[in-house]
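Enquirer: First the structure, then my questions, so here it is.
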Amino acid sequence: MPGWRRHRLVLGLFLHLRSGIIQSKRMAGSSLDLKSRMFAVEPSKYSPNPFYFTLCSHGPQAPSMDPNDWPMLPPGGLAFSVCVTKGQRVKTTRLHKSLGLQLSEELPGSQILKLVSYNPENLHESLEKGFFILPPPGCPDAERRLCDVLMEYRKDIQLCGYKREEEPEIWQCLWDLDGGAKEITRSKVTRVEEPVSSPFVDSIKGSAVFYSLEDACDVLEESSTVIPEAKKVLASMEQHRHSERGPFPIIVIEGLDATGKTTLTESLRSHLKAELLRSPPGSINQWRSIFDSESSLIKRAYYAVGNYIGAAEIAKASKTSPVIMDRFWHSTAAYAIATEIGGGIHNLPDPHHDVYHWPDDLLKPDLVILLTVSDEERIRRIRTRGLQETKEEKELEANNMFRQRVEEVYKRMEDPRCVILDASPSMEKVLQEALTVIKKHCNI
């Protein structure tokens, strides 16, 4: 046998054996890793706060559970958790999004809740995102259908099943999907109290909200191998490096869709002889739909870089006239935080939390005005004007709790905070109120 062919055969055998050893170690490691992990499920109709649980072997032996400790799992019930295992972050976050879409399509009627798994002693290095799946009652093939969906992801996920067999005990079964679904280990689990520091909140910085240009650019740089437009956004950033601002005031108008931002910004431009700019800036707005369809990490990085590109344009414009900005960093952060944190307003980071603080390296406006209208009026305006809505704006209309979270995050923003202005009256009255606020806060 020629030497090169023998070499290929030996190499192939080595790689095959190595792959099997790695897979075996990975599965063994998964089993051991579960014992040190906490699981957190987003708020739902079963629990107004995040739901936390762990294996009974984690720490002191837990007392017997009350049946109400697992309200989402009735006797004889079945649930599943799927976590995307730690890996290269852009690949992992895209896989997570793809998996979520497939689960929603292939498991109709199931409740699919956001879930995170983490080691409390090292949250940021150990955090894994996934889903907690509750099949509808009387769905005997839910397990098979779930495994069918997950088979293509089997090397990148950790799948667990949950059963309530004897009241009130709950068992977690770690599954292996390689070569068909099979149970590896079984452990008793228990609900635990909510930790002082929420993993949903702690994971926001640097993944959902960016507080430096460098962090956001790093994500787009990693994304550029699979998203060519990411390179174009970065190239635009290089062309719009931050410059010193001028003497004229910078005023940002914020608010939910259909609160009157466009009407007010146009009117202010005319009255103040100002430059009107929008976010995302025109130099990258053409790729907005591409990034809107991407995972949260990549989408938020795009909008964050857009803020810095916009800041360079603002700084330049402020040298010759006042600047009116239609949305800026507050909008980017408000939607991101409200999306990542489920449930009611009480689940949001506490007031004065550092997630509400303006990035140190981003040009700061002189004034931010937040327009508000009643829910009924805002929805009426959307429907009568035929506005094209983004996915998040559609959710605003359908999900009252999400809408409340977005507005509350706006109100908790600091340095600069938002000055709230009721935009329900006539256009003329809102304009006069805005001019009064501007004269009070700006040298104009």
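Enquirer: Please go through the stretch 389-411 and give me each residue that is open to solvent by 40 Å² or more (accessible area, probe 1.4 Å), out of contact with any strand residue (DSSP E or B) (no Cβ under 7 Å at 6 or more places or on another chain) and at pLDDT 95 or above, ordered by number.
Expert: Within the stretch 389-411, Glu408 is the sole residue that qualifies.
Enquirer: Here is a follow-up. Pull out all pairs, ordered by first then second residue, where Cβ-Cβ is under 8 Å, the residues are six or more apart or on different chains, the first lies in the stretch 173-186 and is within 16 Å of Met151 (Cβ to Cβ), and the second is part of a loop (DSSP other than H, G, I, E, B) and among the aliphatic types (A, V, I, L, M).
Expert: Trp175/Ala181
Enquirer: Can you name the residue in the stretch 37-64 that is open to solvent by 40 Å² or more (accessible area, probe 1.4 Å) and more than 25 Å from the chain's Cα centre (by Cα) and, of all such residues, is modelled with the highest pLDDT?
Expert: Filtering the stretch 37-64 for residues open to solvent by 40 Å² or more (accessible area, probe 1.4 Å) gives 45-46, 48-49, 57-61, 63-64.
Okay, now just the ones that are also more than 25 Å from the chain's Cα centre (by Cα), so 57-61, 63-64.
Values: Ser57: 63, His58: 49, Gly59: 47, Pro60: 45, Gln61: 44, Pro63: 50, Ser64: 51.
Looking at the filtered set, the residue picked out is Ser57.
Enquirer: Being open to solvent by 10 Å² or more (accessible area, probe 1.4 Å) and of a type in the set (D, E, K, R), is that true of even one residue in the stretch 246-255?
Expert: Checked the stretch 246-255: no residue is open to solvent by 10 Å² or more (accessible area, probe 1.4 Å) and of a type in the set (D, E, K, R).
Enquirer: Mind checking which helices (runs of 4 or more DSSP H) fall wholly inside the stretch 261-367 and carry at least 3 residues that are buried (at least 19 other Cβ atoms within 10 Å of the Cβ) and in contact with a helix residue (DSSP H, G or I) (Cβ under 8 Å, 6 or more places away or on another chain)?
Expert: In the stretch 261-367, 261-272, 296-317, 329-340 are the helices (runs of 4 or more DSSP H) which contain 3 or more residues that are buried (at least 19 other Cβ atoms within 10 Å of the Cβ) and in contact with a helix residue (DSSP H, G or I) (Cβ under 8 Å, 6 or more places away or on another chain).
Enquirer: Is it the case that some residue within the stretch 182-192 is under 30 Å from His346 (Cβ atoms), open to solvent by less than 30 Å² (accessible area, probe 1.4 Å) and touching an Asp or Glu at 6+ places or on another chain (Cβ under 6 Å)?
Expert: Filtering the stretch 182-192 down to residues under 30 Å from His346 (Cβ atoms) leaves 189-192.
Next cut, open to solvent by less than 30 Å² (accessible area, probe 1.4 Å) only: 189-190.
Okay, now just the ones that are also touching an Asp or Glu at 6+ places or on another chain (Cβ under 6 Å), so none.
The answer is no, given that none of the residues of the stretch 182-192 is under 30 Å from His346 (Cβ atoms), open to solvent by less than 30 Å² (accessible area, probe 1.4 Å) and touching an Asp or Glu at 6+ places or on another chain (Cβ under 6 Å).
Enquirer: Right, another one. What are the residues in the stretch 107-127 that are open to solvent by 20 Å² or more (accessible area, probe 1.4 Å), within 24 Å of Leu78 (Cβ to Cβ) and without any contact (Cβ under 8 Å) to a residue 60 or more places away in the chain, if any? Give the derivation first.
Expert: Residues of the stretch 107-127 open to solvent by 20 Å² or more (accessible area, probe 1.4 Å): 108-112, 114, 119-125, 127.
Those still in the list that are within 24 Å of Leu78 (Cβ to Cβ) too: 108-112, 114.
Matches in the stretch 107-127: Pro108, Gly109, Ser110, Ile112.
Enquirer: Please work out if Ala311 is at pLDDT 95 or above and either among the aromatic types (Phe, Trp, Tyr) or under 23 Å from Thr93 (Cα atoms) (or both).
Expert: Working: at pLDDT 95 or above: yes; either among the aromatic types (Phe, Trp, Tyr) or under 23 Å from Thr93 (Cα atoms) (or both): no.
So Ala311 does not fit the description; no.
Enquirer: Something else: Taking the residues in the stretch 412-431 that are part of a helix (DSSP H, G or I) and loosely packed, with under 14 Cβ neighbours inside 10 Å as candidates, determine which candidate is nearest to the chain's Cα centre (by Cα).
Expert: Ranking the candidates gives Met427 first.
Enquirer: Any chance the stretch 372-387 includes a residue that's within 24 Å of the chain's Cα centre (by Cα) and open to solvent by less than 20 Å² (accessible area, probe 1.4 Å)?
Expert: Checking the stretch 372-387: not a single residue is within 24 Å of the chain's Cα centre (by Cα) and open to solvent by less than 20 Å² (accessible area, probe 1.4 Å).
Enquirer: Another one. If I filter the stretch 235-246 for residues that are free of Cβ contacts under 8 Å to residues at least 60 places away in the same chain, in a loop (DSSP other than H, G, I, E, B) and of a type in the set (S, T, N, Q), do I get at least one hit?
Expert: At the first step, the residues of the stretch 235-246 found to be free of Cβ contacts under 8 Å to residues at least 60 places away in the same chain are 235, 238-239.
Within this subset, residues satisfying the condition of being in a loop (DSSP other than H, G, I, E, B) are none.
There is no residue in the stretch 235-246 that is free of Cβ contacts under 8 Å to residues at least 60 places away in the same chain, in a loop (DSSP other than H, G, I, E, B) and of a type in the set (S, T, N, Q).
Enquirer: From the list Gly206, Gly179, which residue is open to solvent by 10 Å² or more (accessible area, probe 1.4 Å) and more than 26 Å from the chain's Cα centre (by Cα)?
Expert: Working: Gly206 fails: more than 26 Å from the chain's Cα centre (by Cα).
It is Gly179.
Enquirer: Hey, could you check the stretch 265-285 for residues that are closer than 24 Å to Ala333 by Cα and among the hydroxyl-bearing types (Ser, Thr, Tyr) and say which is modelled with the lowest pLDDT?
Expert: It comes out as Ser279.
Enquirer: May I ask you to verify whether Val226 is part of a loop (DSSP other than H, G, I, E, B) and over 21 Å from Gly109 (Cβ atoms)? Please lay out each step first, then the result.
Expert: On the way: part of a loop (DSSP other than H, G, I, E, B): yes; over 21 Å from Gly109 (Cβ atoms): yes.
Yes, satisfied.
Enquirer: Kindly check whether there is at least one residue in the stretch 222-233 that is basic (Lys, Arg), within 30 Å of Asp422 (Cβ to Cβ) and over 18 Å from the mean Cα position of the chain (by Cα). It would help to see each step written out before you state the result.
Expert: Step one: list which residues in the stretch 222-233 are basic (Lys, Arg), which gives 231-232.
Among the residues that remain, those that are also within 30 Å of Asp422 (Cβ to Cβ) are: none.
Taking every residue of the stretch 222-233 in turn, none turns out to be basic (Lys, Arg), within 30 Å of Asp422 (Cβ to Cβ) and over 18 Å from the mean Cα position of the chain (by Cα).
Enquirer: Next question, about the same structure. Could you give every pair whose Cβ atoms fall below 8 Å, whose first residue belongs to the stretch 417-444 and is over 22 Å from Trp329 (Cα atoms), and whose second residue is open to solvent by less than 20 Å² (accessible area, probe 1.4 Å) and of a type outside the set (A, V, I, L, M), counting only separations of at least 6 or pairs across chains?
Expert: Met427/Gly260; Val430/Gly260; Asn443/Pro249; Ile444/Pro249; Ile444/Pro322
The values are calculated or read from the model by the stated rules, or taken from the named source; none is laboratory data. Given the structure is predicted, the values throughout are model-derived calculations rather than measurements. All Cβ positions, even for glycine, are placed from backbone atoms using ideal geometry, and neighbour counts span all protein chains on display. Ligands, DNA and RNA are excluded from the accessible area calculation, which covers all protein heavy atoms including side chains. Shrake-Rupley method; radii C 1.70, N 1.55, O 1.52, S 1.80 Å.
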